[in-house]
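The values are calculated or read from the model by the stated rules, or taken from the named source; none is laboratory data. Small disclaimer: the values here were computed from a predicted structure and weren't measured. For neighbour counting, all protein chains shown are included, and Cβ atoms are generated from backbone atoms with ideal geometry for every residue, glycine included. Protein only, heavy atoms only, side chains kept; ligands, DNA and RNA dropped before computing areas. Shrake-Rupley method; radii C 1.70, N 1.55, O 1.52, S 1.80 Å.
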Amino acid sequence: MTAPDTIAAIATAPGRSAIGIIRISGPQVAAIAAGVVGRPLTARRAVLAEFRDCDGAAIDRGLALFFPGPGSYTGEDIVELHGHGGSVVLRMLLERCVALGARLAQPGEFTRRAFLNGKLDLAQAESVIDLIDATTTQAARSAARSLGGVFSNEIQSLMSSLVELRALVEATLDFPEEEVDVVHGADVESRLKRVVQHLNAVLEAARQGSLLRDGVQVVLAGAPNVGKSSLLNCLAGQDVAIVTDIPGTTRDTIREAIDVGGVPMHIMDTAGLRDPQDRVEQLGVGRSWKAIEQADATLLVVDATRSETAADVEILKRLPPAQRRIRVMNKIDLIPRAPALERQADETRVWLSAKTGEGVNLLRDALLEGAGWQETSENLFLARARHVEALRRARLHLTNAGWELGRSEIFAEELRLAHEALGAIVGEYTPDDLLGEIFSRFCIGK
Ligand code: GDP
């Protein structure tokens, strides 16, 4: 392995702010810091200093902090320069660090180094970005728990149970004449059962955790003035709707993330899908339809005092038949009497009033239930689709192992494959391109 170089980046968000931070990590950190600050730094002591250019002119005045490796975030020597948060001053400071020998960091490179130096495992590294990207309080709390190792510990514990089980079985392979299998047969079976039970519990929690991270994609349809905006505000409750710019979607699909009982719901508005004006708009509409077809549920809002419009019927016709449908009969405060909830074969109907709030809880429950969310989801950890898939793969191999109790070699091999699937979650067996993909989604400076 070649010795790592020294990387530098602006670690704070671009724009104006009170403080801006440059982060530098690698073997040349001490020399670079001495060049900028003009004197050696003491470990973990904030020093107020002038940050100087190559000709001695002051670029800024701020705090310099030195975190020696291996006890730092990346495991390497790190220096942070806390200056004023202006884009020009930070760029000048960054250029100064580069002139002194640092290289500009790639997105996620600090965390990648932390992973490679064993400061974090892969699931923890992923939770760093998930914490930054969290759109609900519950998602942020769960990401923090994953970062703290709650999820990784579960995976490690499953892996060590598998190692014990394999040791037991491999003993029978090594010493077949001792008939260890007869002695341990029942023991192996009950141990396998316990591991599968534990794995199922972790899988369920991970599935819930991935809902918190990825949220539920909901299509919002309905004619103008039926009360869609009022309903969104009502659903979101106290929490201000966050307009998100999700990568991969176009501006044509309007998405809003609202917090429904802790689960982020990404609302895609279908307004503007009718009568595209020109070709560019048509392209946008095409992309919107794609996103809409892949959504988890459709919410059709209808004014309960009128019937659905021809445009509603058109939109409903184009939606995938298997998609969950919830029809909201809004404005029940204007009609004498209404049922609350009706479950029909192809849709659930919720009668409510976005104005008075009556029935909105029923809709909230219907949305959460449809997403597979369980109220008992306390103390969750945040997880990703990648983790859920790996856990499912592990479960499949354990199920296969269960069929092969009598054939020790195949049994041991299935356990090994299950172990490998789990290992991929924490980064024990992770191909480089997957690492590249994971870290490229980070921000620069993290
Ligand atoms: P949108 O065009 O579908 O987004 O509809 P808005 O949310 O802007 O609502 C249209 C109008 O209907 C507004 O004047 C709202 O105050 C009114 N409205 C919305 N929901 C209700 C409701 O449940 N009851 C009554 N009476 N009026 C409502």
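A few remarks follow.
A quick yes/no check of all residues on (1) modelled with pLDDT of 90 or more; (2) more than 16 Å from the ligand (Cβ to nearest atom); (3) open to solvent by less than 30 Å² (accessible area, probe 1.4 Å):
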residue	(1), (2), (3)
ALA354	yes, no, yes
ARG393	yes, yes, no
LEU422	yes, yes, yes
VAL426	yes, yes, yes
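- Unique match (being assigned to a loop (DSSP other than H, G, I, E, B) and in contact with a Pro (Cβ under 7 Å, 6 or more places away or on another chain)) among THR74, THR135: THR135
- Cβ pairs under 6 Å, 6+ apart, first in the range 22-44 and loosely packed, with under 12 Cβ neighbours inside 10 Å, second assigned to a strand (DSSP E or B): ALA43/PHE66
- Among (1) under 15 Å from the mean Cα position of the chain (by Cα); (2) modelled with pLDDT under 85; (3) basic (Lys, Arg), the one test that ARG213 misses: (2)
- Residue match in the range 34-44 (condition: modelled with pLDDT under 95, basic (Lys, Arg) and farther than 17 Å from LEU65 by Cβ): no
- Members of the range 321-373 found to be among the aromatic types (Phe, Trp, Tyr) and touching a Leu at 6+ places or on another chain (Cβ under 7 Å), listed by number: TRP373
- For the range 150-173, the criterion of a residue being within 30 Å of PHE66 (Cβ to Cβ) and either without any contact (Cβ under 8 Å) to a residue 24 or more places away in the chain or open to solvent by less than 40 Å² (accessible area, probe 1.4 Å) (or both) is satisfied by at least one position.
- For LEU235, the conditions (1) modelled with pLDDT under 85; (2) open to solvent by less than 30 Å² (accessible area, probe 1.4 Å); (3) not in a helix (DSSP H, G or I) are fulfilled apart from (3).
- For ILE326, the test of being touching a residue at least 60 places away in the same chain (Cβ under 8 Å) and closer than 27 Å to LEU211 by Cα is failed.
- Residue within the range 131-139 that is under 20 Å from the mean Cα position of the chain (by Cα), under 25 Å from GLU437 (Cα atoms), modelled with pLDDT under 95 and among the small types (Gly, Ala, Ser) present: yes
- Of all the residues in the range 296-328, those that are within 17 Å of VAL216 (Cα to Cα) and either in contact with a Cys (Cβ under 6 Å, 6 or more places away or on another chain) or among the hydroxyl-bearing types (Ser, Thr, Tyr) (or both) number 1.
- Candidate set: the range 294-339, residues that are within 13 Å of the ligand (Cβ to nearest atom) and under 31 Å from the mean Cα position of the chain (by Cα); chosen: the one nearest to TRP351 (Cα to Cα): VAL328
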